[in-house]
Amino acid sequence: MTPILSLSAAELEAWLAKRDAPAYRRRQIWSWLARGTTSFASMRDVPKPLRDELAREFRATSLRAIAVSQADRGLTTKTLYELDGGHSVEAVVMRYADRSTLCISSQAGCPIGCPFCATGMFPFGRNLNAHEIVEQGVDAARLLTSEGRRLSHVVFMGMGEPMANYRAVIESVRRLSDPELLGVSPRRIVVSTSGLIPRIEQLGEEKVPVTLAISLHAARDELRDVLVPINRKYPVRDLVDAAQGYAEKTGRRVSYEWVMLAGVNDTERDAKELGALLKHRLAHVNLIPFNPVADTPYRAPDRASIRSFKEKVEAEGLNVTVRDTRGREADAACGQLHERVMRSRQPVGV
Ligand code: SAH
Ligand code: SF4
């Protein structure tokens, strides 16, 4: 059966028109989906014969939750979904006092292969379709609605390299921000990339003012070639120029992510190089304490080293924050629940 969100608004309206149903039925259906309804039968303001026909022809979602884990005393929920065809991806809901953020996946696996990342440890699976990305948002909205909360922010920081699945990601951003579906403002959507320069330039032309995050991790090519292998194709200076171009075109400050690896990229030299690279740019630096991944040679720095690195980067004149480490105790960074399930081949309970 066809997942209903694989149809665009126009396609669903055409399907409805063939059954002599008015176009506003599409808005009603979307509104039920956005509020977390998973059965067509309970869409009460849709006439019964139409509901029956919808149920015969469509699925509300193509995602099957195969594992769920909680952390931070219930403030963080990580769900592993099986996709049509058998690959799996994960999404993480993080609840804060003033917002609720969903960390979303754009690919099953990742072709970039950063050596510190759990997602990069498995062979690349496939690109997600736009509807599979949107369905992660719809499922998070369902969970949050049931708690009296609202999905307010989305970050493309789950599995996969969003810029390597460009069309589907842009389409999903449009749907996530569509007021008739989830209505998450593009400004509250962060697209994080390892640095595919042509796609960053293209993004600047799209008129979807998302926040761009660059996974920098090193400010010199020699080290970044190892930590983020796509750097061999798109060197770090060109990358920062492209990101600066995006910042100027959109007026949006760019976030630079820096996963902190003890003894590798947390030294005085790294802080100086980072300062030299980003000085006078519309930039904000996020330090992410490394979330340990088995079978990697990396370690997280201790708190004192993180603080001291932060001070050194601040002394270079940059804006810096240390990102909180939500979800640590439950397989932490995105990609790790997947890793645990893949290793054990045992679902961990829904
Ligand atoms: N592929 C994209 C988006 C997904 S990764 C990208 O790399 O930007 C999202 C962020 O999590 C990236 O900044 C990535 O470097 C970081 N990350 C990956 N593995 C991590 C780990 N084990 N600990 C901390 N951060 C990690
Ligand atoms: Fe892919 Fe991002 Fe992980 Fe690198 S850090 S392997 S780009 S998901």
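The values are calculated or read from the model by the stated rules, or taken from the named source; none is laboratory data. Being a predicted model, the structure only gives us computed values, none of them experimental. When we count neighbours, we look across all protein chains shown, and the Cβ atoms used for this are built from the backbone with ideal geometry, even at glycine. Just so you know, the surface numbers come from the protein's heavy atoms only, side chains and all, with ligands and any DNA or RNA stripped out. Shrake-Rupley method; radii C 1.70, N 1.55, O 1.52, S 1.80 Å.
The set of residues in the range 212-233 that are open to solvent by 30 Å² or more (accessible area, probe 1.4 Å), within 14 Å of Arg199 (Cα to Cα) and without any contact (Cβ under 8 Å) to a residue 60 or more places away in the chain contains only Lys233. Assess whether Met163 counts as being under 21 Å from Pro209 (Cα atoms) and touching a residue at least 60 places away in the same chain (Cβ under 8 Å). No: the conditions fail for Met163. The single condition among (1) open to solvent by 20 Å² or more (accessible area, probe 1.4 Å); (2) part of a loop (DSSP other than H, G, I, E, B); (3) among the hydrophobic types (A, V, I, L, M, F, W, C) that Val184 does not meet is (1). Give the residue that is nearest to Glu201 (Cα to Cα), with candidates limited to residues of the range 213-234 that are within 16 Å of ligand 2 (Cβ to nearest atom) and assigned to a loop (DSSP other than H, G, I, E, B). In this case the residue turns out to be Tyr234.
Does Thr61 satisfy being open to solvent by 60 Å² or more (accessible area, probe 1.4 Å) and either in contact with a Gly (Cβ under 9 Å, 6 or more places away or on another chain) or assigned to a loop (DSSP other than H, G, I, E, B) (or both)?
On the way: open to solvent by 60 Å² or more (accessible area, probe 1.4 Å): no; either in contact with a Gly (Cβ under 9 Å, 6 or more places away or on another chain) or assigned to a loop (DSSP other than H, G, I, E, B) (or both): yes.
In short, no.
Tell me whether the range 134-151 contains one or more residues that are within 16 Å of ligand 2 (Cβ to nearest atom), at pLDDT 95 or above and either under 24 Å from Ile197 (Cα atoms) or in a loop (DSSP other than H, G, I, E, B) (or both). Don't jump to the end; show me each part of the working.
Taking the range 134-151 and keeping what is within 16 Å of ligand 2 (Cβ to nearest atom), we get 136.
Next, from what is left, pick out any that are at pLDDT 95 or above: 136.
Still in the list and also either under 24 Å from Ile197 (Cα atoms) or in a loop (DSSP other than H, G, I, E, B) (or both): none.
Checked the range 134-151: no residue is within 16 Å of ligand 2 (Cβ to nearest atom), at pLDDT 95 or above and either under 24 Å from Ile197 (Cα atoms) or in a loop (DSSP other than H, G, I, E, B) (or both).
Taken as a whole, the condition of being more than 13 Å from ligand 1 (Cβ to nearest atom) and surrounded by 14 or more Cβ atoms within 10 Å (Cβ to Cβ) applies to Glu206. Any residue at all in the range 46-53 that is out of contact with any Gly (no Cβ under 8 Å at 6 or more places or on another chain), open to solvent by less than 50 Å² (accessible area, probe 1.4 Å) and closer than 22 Å to Val173 by Cα? No, there is no match, as no residue in the range 46-53 is out of contact with any Gly (no Cβ under 8 Å at 6 or more places or on another chain), open to solvent by less than 50 Å² (accessible area, probe 1.4 Å) and closer than 22 Å to Val173 by Cα. Quick one: is Phe116 of a type outside the set (Asp, Glu), open to solvent by 20 Å² or more (accessible area, probe 1.4 Å), within 23 Å of Phe290 (Cβ to Cβ) and without any contact (Cβ under 8 Å) to a residue 24 or more places away in the chain? No; evaluated as a whole, the condition is false for this residue. The set of residues in the range 122-153 that are in contact (Cβ under 8 Å) with a residue 40 or more places away in the chain, open to solvent by 30 Å² or more (accessible area, probe 1.4 Å) and of a type in the set (A, V, I, L, M, F, W, C) comprises Phe122, Leu143. For the range 152-167, filtering for residues that are within 16 Å of ligand 1 (Cβ to nearest atom) and either within 21 Å of Thr79 (Cα to Cα) or not in a helix (DSSP H, G or I) (or both) leaves 10.
Of the residues making up the range 268-282, those that are buried (at least 17 other Cβ atoms within 10 Å of the Cβ) and either assigned to a helix (DSSP H, G or I) or free of Cβ contacts under 8 Å to residues at least 40 places away in the same chain (or both) number 7.
Among the residues of the range 99-111, is any open to solvent by 30 Å² or more (accessible area, probe 1.4 Å) and within 16 Å of ligand 1 (Cβ to nearest atom)?
Looking only at the range 99-111, we keep the residues that are open to solvent by 30 Å² or more (accessible area, probe 1.4 Å), and these are 99, 111.
Then drop every residue that is not within 16 Å of ligand 1 (Cβ to nearest atom), which leaves 111.
Yes, some residue in the range 99-111 is open to solvent by 30 Å² or more (accessible area, probe 1.4 Å) and within 16 Å of ligand 1 (Cβ to nearest atom).
Per this entry, Tyr246 is counted among residues that are within 16 Å of ligand 1 (Cβ to nearest atom) and in contact with a strand residue (DSSP E or B) (Cβ under 6 Å, 6 or more places away or on another chain).
Can you find, within the range 69-80, the residue that is farthest from ligand 2 (Cβ to nearest atom) among those that are open to solvent by less than 10 Å² (accessible area, probe 1.4 Å) and out of contact with any Gly (no Cβ under 8 Å at 6 or more places or on another chain)? For the range 69-80, the residue satisfying everything is Thr77. Within this structure, Arg149 passes the test of being touching a strand residue (DSSP E or B) at 6+ places or on another chain (Cβ under 9 Å), more than 16 Å from ligand 1 (Cβ to nearest atom) and of a type outside the set (S, T, N, Q).
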